[in-house]
Amino acid sequence: MGEHAERLARAARERRPHRHLVLHAEHCDRGRRSSGPDHESHRELVATRLDRRALDRVGRQRLLRHRGELRVTTDSTTALDFAAGSRTDLPAPHLAGTPERFPFQAASLGTRFFLAIRAKDAAGNIGAGSNVAPITTPGSSGLAVNTLALRSAGDSTLTLQWSAPPGVWYYDLRGSTTPMDAGSYFTAPLRIDVLAAGAPIDTAKISSLEPGSTWWFALRPIDLTGNAGPVSNVMSAGVPVGGALHGKSGVALAVRGQPARIPAWFDWQGGGAGIRSAIDLYDLSGRHVRTIELPGGRFGGTMEWNGRDDDQRLVPAGLYFARLTCGSIHAQARVVLLP
């Protein structure tokens with residue numbers, strides 16, 4: 001009986017993610033000047049030291065496959081909000097009680113960061129967040145940009161603008177279709193080097209973006225000696241859908257072609273991260289006919305209606321009313337369905 005109870009206790013321990021993580025932060029400045037926009041600046045690095053205490057062999061094997069999540073933010077109040085974005089490229093853990101170090105590139109020149117870490121086991125169980133470790137990178141923040149904003153939006157394009165600090169050579173602009181912060185900036189999939197224009201306002205036009213997609217952007221200014229400023233404010237914007245909504249902004253809904261034969265196509269926009277969006281269809285008497293759920297996290301897109309109701313029965317030809325709901329905001333359109 002005692003052996004059976006011990007096996008149960010051991011199994012319960014293995015199912016629990018590791019919760020004893022202690023995080024420290026320290027400077028690790030590896031000075032090297034960049035020789036141009038094609039060179040990545042490694043001047044400022046921050047290293048963290050992680051003590052994985054009381055981590056047994058089974059726990060190590062589980063963490064080898066998941067390696068934990070590191071949260072890096074400049075806002076101390078969101079340091080443990082891992083849903084807002086985190087890095088998952090941490091190295092595999094070592095033996096129990098071994099202090100660990102892993103460097104990562106971070107914005108420098110007087111930027112204060114708050115770091116936290118949490119573990120996840122092979123079954124997907126997530127441990128509690130660690131302590132929050134603060135660190136301020138050295139240097140001057142004279143190259144800082146905190147005015148990054150959307151200037152204009154067109155079909156498949158977004159134009160950004162910001163106030164230019166003095167002495168800038170170029171900007172390291174990065175973008176992602178998922179929420180971004182100062183920590184995930186360096187792993188963003190889109191990277192563009194933008195030369196400074198020498199004017200009070202600098203701009204960048206990003207083209208060939210998917211209509212209806214939502215993008216997050218941030219940048220760092222680089223001066224003539226290769227020194228990099230801190231990561232700017234992060235801004236987000238939706239790419240206009242175009243089509244039947246060409247030139248329209250905000251929440252909008254339109255049908256491509258009137259009258260329409262099956263299938264009918266709707267262009268819609270106004271969604272975003274964390275917003276439920278859907279199109280509801282009603283007949284002339286006001287009876288609800290169909291709900292079409294729209295993809296989450298997108299600003300907009302094009303959606304097909306196959307002319308069927310929620311029970312997949314073909315509806316008769318006639319006039320129908322479409323209502324787009326994006327959170328608490330609505331837009332309406334009419335569709336004349338031909339036989």
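Read-outs: derived from the displayed coordinates by stated rules, not from any lab. Please read all numbers here as calculations on a predicted model, not as lab measurements. Neighbour counts run over all protein chains shown; Cβ positions are idealised from the backbone, glycine included.
Results, tabulated for the structure shown:
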read-out	value
Label zone at residue 157 (point 7 Å along Cα-to-Cβ), backbone N below 18 Å, region 204-242	204-213, 215, 237-242
Region 243-337 - charge dipole about Cα centre, Lys and Arg +1 at Cβ, Asp and Glu -1, debye rounded to 20	180
Amide hydrogen neighbours beyond the local backbone of residue 117, cut-off 5 Å, H modeled	71, 130
Cβ crowding within 10 Å averaged over residues, with 152-162, 200-210, 225-235, 310-320 ranked highest first	225-235, 152-162, 200-210, 310-320
Cα-Cα pairs of region 243-337 separated by more than 16 Å (percent)	50
Dipole axis of region 166-297 (+1 Lys, Arg; -1 Asp, Glu on Cβ), positive-most option in 279, 218, 236	279
Estimated vicinal HN-Hα couplings, Hz - region 307-317 in sequence order (Karplus 6.51, -1.76, 1.60; Gly, Pro = x)	x, 10, 8, 5, 9, 6, 9, 5, 8, x, 5
Charge tally in the Cβ shell below 9 Å around residue 292, where Lys, Arg are +1 and Asp, Glu are -1, residue 292 excluded	-2
Hz values of 3J(HN,Hα) by residue in region 129-134 - Karplus curve (6.51, -1.76, 1.60), Gly and Pro given as x	x, 6, 5, 9, 9, x
